[in-house]
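Q: Mind looking over this structure? Questions follow.
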Amino acid sequence: MCISLPAKVVQINGIVAFVDYGNGLVEPVINNVDDVKEGDYVVVSYGMIVSKISKEEYIEMLNYEKEMRSLLENSLSSASS
């Protein structure tokens, strides 16, 4: 299974990009896409940028991630009751 997460590029230093996954924490990843620049929205998989996305796609992916997290938390809390 492949886990891909949306992120915003906040800095680029050679082949290393520093991204924010929407939680305010900045982490380094490998920039594997030629035309990525600061401020771009990207998809990160296994520590590498795999594609650029639009701001709308970024927001949609973040909302989907939050919804899945909420469903999982509700499912786990129901199972432990």
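No value in this document is a laboratory result; all are computed from the given coordinates. The model shown is predicted, which means the values in this text are computed figures rather than measured ones.
Q: Relative to the longest principal Cα axis of the chain, at what angle does helix 55-79 sit, 0 to 90 degrees, rounded to 10?
A: Compared with the principal axis, the helix lies near 30 degrees.
Q: Can I ask one more? Using 0.36 nm times the number of residues separating SER45 and ASN23, minus their current alpha carbon distance, what extension gain do you get?
A: Gain on stretching SER45 to ASN23: 6.2 nm.
Q: Quick one: work out Rg over Rh on the C-alpha atoms of region 4-79, Rh as Kirkwood radius.
A: 1.06
Q: Can I ask one more? By how many nm would the segment from ILE15 to ARG69 lengthen if fully extended, with 0.36 nm per residue of separation less the alpha-carbon distance?
A: Extra length from ILE15 to ARG69 when fully extended: 16.3 nm.
Q: Please turn the phi angles of region 3-10 into ³J(HN,Hα) values with the Karplus equation 6.51 cos²θ - 1.76 cosθ + 1.60 (θ = phi - 60°), one per residue in order, whole Hz, x for glycine and proline.
A: Per-residue couplings from phi come out as 9, 10, 10, x, 8, 10, 6, 9 Hz.
Q: Helix-derived [θ] at 222 nm for the chain: sum -39500 (n - 2.57) over DSSP H runs of at least 4, divide by residue count, nearest 500?
A: -11000 deg cm²/dmol
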